[in-house]
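The values are calculated or read from the model by the stated rules, or taken from the named source; none is laboratory data. Being a predicted model, the structure only gives us computed values, none of them experimental. In this analysis, Cβ positions are derived from the backbone assuming ideal geometry, glycine residues included, and neighbour counts consider all displayed protein chains.
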Amino acid sequence: MSYTFAKSQALFARAQLSIAAGVNSGIRKMEAPVPLYFTHGSGPQIWDVDGNHYIDFKLGQGALLFGHAPSGMADAIAAQARLGTHWAGQSELEVEVAERVQSMIPSAELVRFNNSATEVVGAAFRLARAHTGRPLILRFEGHYHGWMDEGLVGFANPADRWGDDEHPARTHPSKGVIPAVLEQFVVARWNDAAHVRRLVDEFKGQIAAIIFEPALCNTCCIEPVAGLMATIRELCDRDGMLMISDETITGFRFGAACAQGYYGYRPDLTILGKAIGGGTPFAALAGTKAAMAKILSGEVVHAGTLNGNPLCLAASKWCLDQIIGLGSDHPARVIKLGRRLMAGLAGLAREQGIPLHPQGPGLIFHTVMLKPGAVEGPVMDYRDYVRRHDAPRWAHLRRCLLEEGVSSIERGLWSISLEHGDAEIDEALNRASLALKRHAATWKTAV
């Protein structure tokens, strides 16, 4: 029998009396049939207030590379809590964490800490504009760079507001944004190096930086085509722009040197979040000495009361030591597990006549649900994804999976943690088999 969620439903109803909209992040309202309330997790598993048990591939929106409640990290945080939770001052821990980041990522010559990757993106934009004296940031459709005013310009426009292919629209999904903010961006299509080159030439001398997710993980999971990173690096060097790699999701998941090591490029600035803190509110801006110069001189303000919080630093030190300890074995093992899960899901879907096509490097991937008549093959950019992905049908299947105890991110993203193993992949596929059968039987009646 599939799961039910009576206690979560009751808590959500109660929450709406005291918490605006009942949740503390708008994206959590996407959970169907109700935003879930959890009691505890262990490794790759999590339990909700109704006693439902899940094999978890959501992993705290990708933050839990080390699984739920790792005992070593809990011990590190507890030990630090007994010494102090906050000083608004320095500790040896922050030097130790910075030195680890510096040793792992070749482009990380200097580091600054924040509490969220959204803050780090804001710092990177400010730094790039000060470094170059230019106003514009070039970013890509479908790439997410935090929820602030600047981070969401041109992120995921609905199809009727795309603009033309050459000049994607600079719109924002939220009300309350100062209109002038929109004018500070140039929006490009992902995986089209020639298009990027044309835009850079068109706005020559006005662009401070090019920012991107190295593997697009916020709308589908789309790896860069061959030569794209090299083109961005070439253009940045040619025109004096900064290359900003937003590794909020990919950082340390793709190896000790992050996605920039995996794909072979060297950015000027790197945004690190999620895995660097193992689920604690911790993030970092890393960069070359040249790119960080305006912070060194004091010309760029970078501040924050809780920056370098010792509890988060204790967690991060433990997390980074785990990655360092894995050496060259990481990320090969999680790639293998993820690809096995992808193949298993695709095979089960074929048996039921469901057009489900997982894509991605394995350690993270997206389950693309093709619309009727859509061509097969990898999705290459945001517009391609919107045109071909059947979001309502995926939402139906995702709920079937949830009700059989398999949890993935609502938009279709799956992550593999270091705590997943063959047993969890086997169990997930067993449960998915039931979910796919139920979806096949009920989807026709749902439309």
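Quick notes on this structure:
- Of the numbered criteria (1) closer than 24 Å to Asp164 by Cβ; (2) among the aliphatic types (A, V, I, L, M); (3) out of contact with any Ser or Thr (no Cβ under 9 Å at 6 or more places or on another chain); (4) surrounded by fewer than 24 Cβ atoms within 10 Å (Cβ to Cβ), the one Leu216 fails is (4).
- Scanning the stretch 219-251 for residues that are assigned to a strand (DSSP E or B) and either among the small types (Gly, Ala, Ser) or surrounded by fewer than 19 Cβ atoms within 10 Å (Cβ to Cβ) (or both) turns up just one, Ser245.
- Of residues in the stretch 392-409 being touching a Phe, Trp or Tyr at 6+ places or on another chain (Cβ under 6 Å) and of a type outside the set (Ser, Thr, Tyr), the one farthest from Phe57 (Cα to Cα): His396
- Residue match in the stretch 36-47 (condition: closer than 23 Å to Glu427 by Cβ, modelled with pLDDT under 95 and either surrounded by 13 or more Cβ atoms within 10 Å (Cβ to Cβ) or not hydrophobic (A, V, I, L, M, F, W, C) (or both)): no
- Some residue of the stretch 387-409 being over 29 Å from Tyr3 (Cα atoms) and assigned by TED's automatic domain parsing to the domain that holds Ala428: yes
- Top-ranked residue of the stretch 173-206 - restricted to ones that are among the aromatic types (Phe, Trp, Tyr) and within 24 Å of the chain's Cα centre (by Cα), ranked as farthest from Ala230 (Cα to Cα): Phe185
- Considering (1) surrounded by 16 or more Cβ atoms within 10 Å (Cβ to Cβ); (2) in contact with a strand residue (DSSP E or B) (Cβ under 9 Å, 6 or more places away or on another chain); (3) over 26 Å from Arg266 (Cα atoms), the lone condition that Glu183 does not fulfil carries the number (1).
- The number of residues in the stretch 37-66 that are more than 16 Å from the chain's Cα centre (by Cα), closer than 14 Å to Ser407 by Cβ and part of a loop (DSSP other than H, G, I, E, B) comes to 4.
- A residue that is under 17 Å from the mean Cα position of the chain (by Cα) and hydroxyl-bearing (Ser, Thr, Tyr) cannot be found anywhere in the stretch 287-294.
- Where Trp190 falls short, out of the listed (1) of a type outside the set (S, T, N, Q); (2) modelled with pLDDT of 95 or more; (3) closer than 22 Å to Ala208 by Cα; (4) not in a loop (DSSP other than H, G, I, E, B): (4)
- Considering residues of the stretch 8-34 that are at pLDDT 95 or above and closer than 20 Å to Cys400 by Cβ only, the residue surrounded by the fewest Cβ atoms within 10 Å (Cβ to Cβ): Gln9
- Restricting His172, His131, His195 to those that are assigned to a helix (DSSP H, G or I), free of Cβ contacts under 8 Å to residues at least 60 places away in the same chain and not hydrophobic (A, V, I, L, M, F, W, C) reduces the list to His195.
- Only one of the numbered conditions (1) surrounded by fewer than 17 Cβ atoms within 10 Å (Cβ to Cβ); (2) in a loop (DSSP other than H, G, I, E, B) is not met by His145, and that is (1).
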